[in-house]
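Q: Sharing a structure with you now.
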Amino acid sequence: MNKKIKDSEFRLYGFILDKLKELGWRTQSLKNGGQVFAQNELANDPQLKLALGLKRPEYIVKLNEREYWTIEAKSAISDLDLAVEEAIGYAGDINNKSELNCKIITGIAGSPDSTYHIETKCLVGESWNTLTINGRRATGFISPKQMDSLIMNGTGRLDEYDMGDYERFKSKTQNINKILHDGAINKRDRASVMACILLALAEDEKLSLSRNATRLINDINTRAVATLEKHNKREYFDQIKITLPPSQDNHIKYSAALSKTIDLLRDLNIASAIDSGIDVLGEFYEQFLKYANDANELGIVFTPRHITEWAAKLLDIKYDDIVFDPACGTGGFLVAALDKVKKDENNRDTFKSGNFYGIDNDPVIATLAIVNMIFRGDGSSNIIEGDSLNSELDVKVDKVLMNPPFAREDFEWKFVDVALKFIKDGGLLFAILPTSVMTSGDNKRQELSWRRNMLKEHTLKAVITLPEDLFYPNVSKGTHAIILQCHRPHNTSTDKVIWAILKDDEVRTKTQNISQAKGNMDTVAKAIGNYIATQTVPDSVRKELDCSLLDIESLECAPEVFISQHDTENYHCDVSFVKNNLVDGKSIIDRKRKEKELRLPKCGLFNLTTFFKSIKKGDSGRAKILPSGHLPLISTSEFNNGISNFVDKNSVKIIYPPRTITISSNGGSCCAFYHDYEYAANPDVFVLHIKDEYKEYENFGIFICAAINGEKWRYNYYRKFNSRRLSKLEIRLPVNDLQEIDFDFIDEIVKTQLTNTN
């Protein structure tokens, strides 16, 4: 063999091992528990030595005690078929001359320094068939999990794409972003470059990669155009066409970046991935925008895949539904709707191609949505580039799934109004909206007026509070999902609404980890689905789910208003949290308290304002303008009895007396503290003066605080505790047989719990 060619093959060896290791194969030496035989190790296995004699494939991977996988490499791209042929020959020797099986082979040809192709075949009966994943040819190596499925099913195909380690996939998107950056590809052009490459690969998975930049770009563009023309979308090519950089010096690194990107996409079996139910294009685009710092500026919000799938399930998308998203982005909701239809065994082959409509005002993003749908087998989808607020559809739709942009000058609910124009009578709409749209109670704000007018025309079926960090880091807003039955006025006397708080088991937190804890998504989906279909009212679930009429006075459509915290017989109240003692006006004793719940057999519901003669905002001033001293200053802190500073007593406007209560009004939630000492309070807290008739009960104020703190879960940074909500807050208190407040019981329990915390 030519020494240069052999050297090139040697360079592939380490590359192959790296790829296998990345996927989870054990590539360490055999004596250390590895499963990959290199050429010089084959003689250590008697059966392989007997079967192969002096023949030496690049690698043989031991899958189990009987099953093996052969990998053969060649240095020239043109020799891929030869690599496959030789690998099949080695497999034949193993199958014919030993008790072992080798029904899976892979050929790899090329160079890690330029480009390479991978082809995997499986022995099915007497034929070697090309491995497919989701009906598309596998272009990269496969994982141990995928290999196990292949061995088990014996069909030579995988019907599901293995996302595998999510962090591995994310690292690939980051790597591609860096490659494009290093290749002098402008950050705002990376999404269009990605779209063009993917369309080219859809036309020709074995696209040859020329080192000549002009030739490579022409090849990519030509194939991308061909794909779009097949689906009558030729007009979108101008939005994604790849052009050479003006500087000749950048041509080499530009073409190298394109080649490396294509190789990485092949490693990911990208065509199979896109058709798998994963919004791969959304993942890539989100990554590009994050590095470009454009997501907040453009108001782009990427809805996580599990939420789009959940929405499609809530609305029960059917094969003949016409589905619309007036702010479709990369097509996440449309993809989820299409996948939901195709996964239904009854609809798999009968779904209505072209029944999916979407609008986005960014032509590149609209093109990405088209690419998404093309890879999923519905290139006839009607994706429109334009302003949703001024666009028209020539059809009436059955169902709407949407998440409008959050940073535009237009109110998010205007996108809902646009969608409602195109939906059929009785059709369903799912929309994600900022918390303020559903909870603002200020008559000067347009959100309240919109809710009032919306209910005159449409029935509100469900409101769901979504997890706070759902869209972090691109958007920091509280959000609600709503479901409307359209063009059927809401009867506030009879039409109940399902209220739910989603305990999301996949939400990305601020550390970008994904929690594996079981959430309540299925429970909520089942309750809402049954209610929409049959009007079956679900059982209430404490702090999670309820079904009731709207409060027509406030029209605050927040689940936290309507969901019950308490069972009818049991009441949870933690008194021990409330009272930390102040010593000498200077410091707080950190009491070691037990997290103990007080269970009360009987309780009654009381409006909080009943017990106070005065409720006003603190007016002592703020710490930054007050000199230090020994008087406690109460703020929104949820620690140390709300004390954040100690200020000079002679400098404050108002000193509040002992035996009063403060509640934070501008923090994450309402947090109440009882003060048996003088203090100052800043304007971010309410100061509550207990009525004289209740002051004779020594521990009543402490218990009231505990009852208020039991309601903290109803409020957060996006739905703050304010005077309007305070006036409506109801708390549960223990009562006797005459339904009167049981002050003796309260006093006894408070003393017991405070004693237990010492």
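Q: Subtracting the Cα-Cα distance from 0.36 nm times the residue separation, let me have the gained length for LYS31 to ILE655 in nm, one decimal. Kindly include the intermediate steps, with their values, before the conclusion.
A: Working: separation 624, 0.36 × 624 = 224.64 nm, distance 7.78 nm.
Residue separation times 0.36 nm, minus the Cα-Cα distance, leaves 216.9 nm.
Q: In addition: Which entries in the list LYS396/LYS456; LYS172/LYS340; LYS313/LYS602; LYS352/LYS456; LYS145/LYS241; LYS543/LYS720 go over 29 Å, if you measure between the two C-alpha atoms of each? Intermediate results must be reported in sequence, preceding the final value.
A: Numbers: LYS396/LYS456 21 Å; LYS172/LYS340 27 Å; LYS313/LYS602 40 Å; LYS352/LYS456 33 Å; LYS145/LYS241 38 Å; LYS543/LYS720 18 Å.
Pairs exceeding 29 Å: LYS313/LYS602; LYS352/LYS456; LYS145/LYS241.
Q: Where does the chain land at 222 nm, in deg cm²/dmol rounded to the nearest 500, when only DSSP H runs of n ≥ 4 count, each adding -39500 (n - 2.57), divided by all residues? The partial results should precede the final answer.
A: Details: 24 runs with 262 residues, N = 758.
After summing the helix terms and dividing by residue count, I get -10500 deg cm²/dmol.
Q: Over the Cα atoms of the stretch 38-189, what Rg and Dmax result, in angstrom?
A: That works out to 17.5, 58 Å for Rg and Dmax.
Q: Counting only heavy atoms of the protein chains, get the accessible area per residue of the chain (1.4 Å probe) and round it to a whole Å² value.
A: Normalised by residue count, the accessible surface of the chain is 43 Å².
Q: If I take the Cα coordinates of the stretch 132-236 and project them onto the principal axes, what are the three extents in Å, biggest first?
A: Result, largest extent first: 45, 32, 25 Å.
Q: Can I ask one more? Let me know the Kirkwood hydrodynamic radius for the stretch 632-758, please, with Cα pairs as the basis and the value in Å to one decimal. Provide the component values of the computation, followed by the final result.
A: Numbers: mean 1/r = 0.0642 Å⁻¹.
Result for the stretch 632-758 stands at 15.6 Å.
Q: Using mean Cβ contacts within 10 Å as the protection proxy, how do 374-380, 629-635, 428-434 order, highest first?
A: Numbers: 374-380: 19.6, 629-635: 21.4, 428-434: 23.3.
Highest mean packing first, the order is 428-434, 629-635, 374-380.
Q: From the phi of every residue in the stretch 709-722, what ³J(HN,Hα) in whole Hz does the Karplus formula 6.51 cos²θ - 1.76 cosθ + 1.60 yield, where θ is phi - 60° and glycine or proline is x?
A: Values per residue, Gly and Pro as x: 5, x, 9, 4, 4, 7, 10, 7, 4, 8, 9, 6, 6, 10 Hz.
Q: Express in whole angstrom the spacing between the alpha-carbon centres of the stretch 166-230 and the stretch 696-751.
A: Centre-to-centre distance over Cα atoms comes out at 61 Å.
Q: Here's another thing I want to ask about it. Counting only DSSP beta bridges with both residues in the chain, what percent are antiparallel, rounded to the nearest 5? Before the final figure, lay out each step's value.
A: Numbers: 70 of 99 bridges.
Percent antiparallel among DSSP bridges in the chain is about 70.
Q: A follow-up question, please. So, how do all the Cα-to-Cα distances of the stretch 638-713 break down into 5 Å bins, in percent, from 0 on up?
A: Cα pair-distance distribution for the stretch 638-713, in percent: 3, 15, 26, 26, 17, 10, 3, 0.
Q: Please quote Rg/Rh for the chain to two decimal places, taking the Kirkwood radius as Rh and restricting both calculations to Cα atoms.
A: Here Rg/Rh amounts to 1.07.
Q: Output the antiparallel fraction of DSSP beta bridges having both residues in the stretch 118-160, as a percent to the nearest 5.
A: 75
Q: Residues with beta-carbon under 14 Å from that of ASN491, excluding ASN491: net charge, scoring Lys, Arg +1 and Asp, Glu -1? Display every interim value, and only then the final one.
A: Values: positive: LYS456, LYS461, ARG488, LYS496; negative: GLU457, ASP495.
Spelling it out: positives minus negatives among the neighbours equals +2.
Q: Excluding ligands and nucleic acids, what accessible area in Å² is computed for PHE302 using a 1.4 Å probe, to the nearest 10?
A: 30
Q: Continuing with this model, one more query. Given a cut-off of 23 Å, name the pairs among LYS496/LYS712; LYS19/LYS49; LYS343/LYS526 whose C-alpha atoms lie farther apart than that in the structure shown.
A: Pairs exceeding 23 Å: LYS496/LYS712; LYS19/LYS49.
Q: Over the stretch 59-111, with a single point scatterer placed on each C-alpha, what log10 of the ratio I(q)/I(0) does the Debye formula yield at q = 0.24 1/Å?
A: -0.80
Q: Out of every Cα pair in the stretch 181-262, what percent are spaced more than 21 Å from each other? The partial results should precede the final answer.
A: Working: 715 of 3321 pairs.
Here the tail beyond 21 Å accounts for 22 percent of pairs.
Q: Can you compute the FRET efficiency between LYS396 and ASN175 using 1/(1 + (r/R0)^6), with r the Cβ-Cβ distance and R0 = 60 Å? Round to the nearest 0.05. Let's see the in-between values first.
A: Working: r = 45 Å, r/R0 = 0.75.
With a Förster radius of 60 Å, E is 0.85.
Q: Next question, about the same structure. So for TYR717, TYR319, TYR68, what's the accessible-area order with a 1.4 Å probe, most first?
A: Numbers: TYR717 140, TYR319 85, TYR68 5 Å².
Of TYR717, TYR319, TYR68, the descending order of accessible area is TYR717, TYR319, TYR68.
Q: Using the charge dipole of the chain (Lys, Arg: +1 at Cβ; Asp, Glu: -1 at Cβ; taken about the Cα centre), state which of ALA91, ALA419, ALA680 has its Cα farthest towards the positive end.
A: ALA680
Q: Over all alpha-carbon pairs in the stretch 678-730, figure out the percentage whose distance exceeds 17 Å.
A: Values: 673 of 1378 pairs.
Looking at the stretch 678-730, the distances longer than 17 Å represent 49 percent of pairs.
Q: Relative to the Cα centre, what is the charge dipole magnitude of the chain, using +1 at the beta carbon of each Lys and Arg, -1 at the beta carbon of each Asp and Glu, and rounding to the nearest 20 debye? The partial results should precede the final answer.
A: Details: 99 positive and 107 negative charges, 257 e Å.
In total the dipole reaches around 1240 debye.
The values are calculated or read from the model by the stated rules, or taken from the named source; none is laboratory data. Here the structure is a predicted model, which is why all the values come from computation and not from measurement. Cβ atoms come from the backbone with ideal geometry, glycine included; neighbour counts cover every protein chain shown. SASA here: full protein model, heavy atoms, side chains in, ligands and nucleic acids out. Shrake-Rupley method; radii C 1.70, N 1.55, O 1.52, S 1.80 Å.
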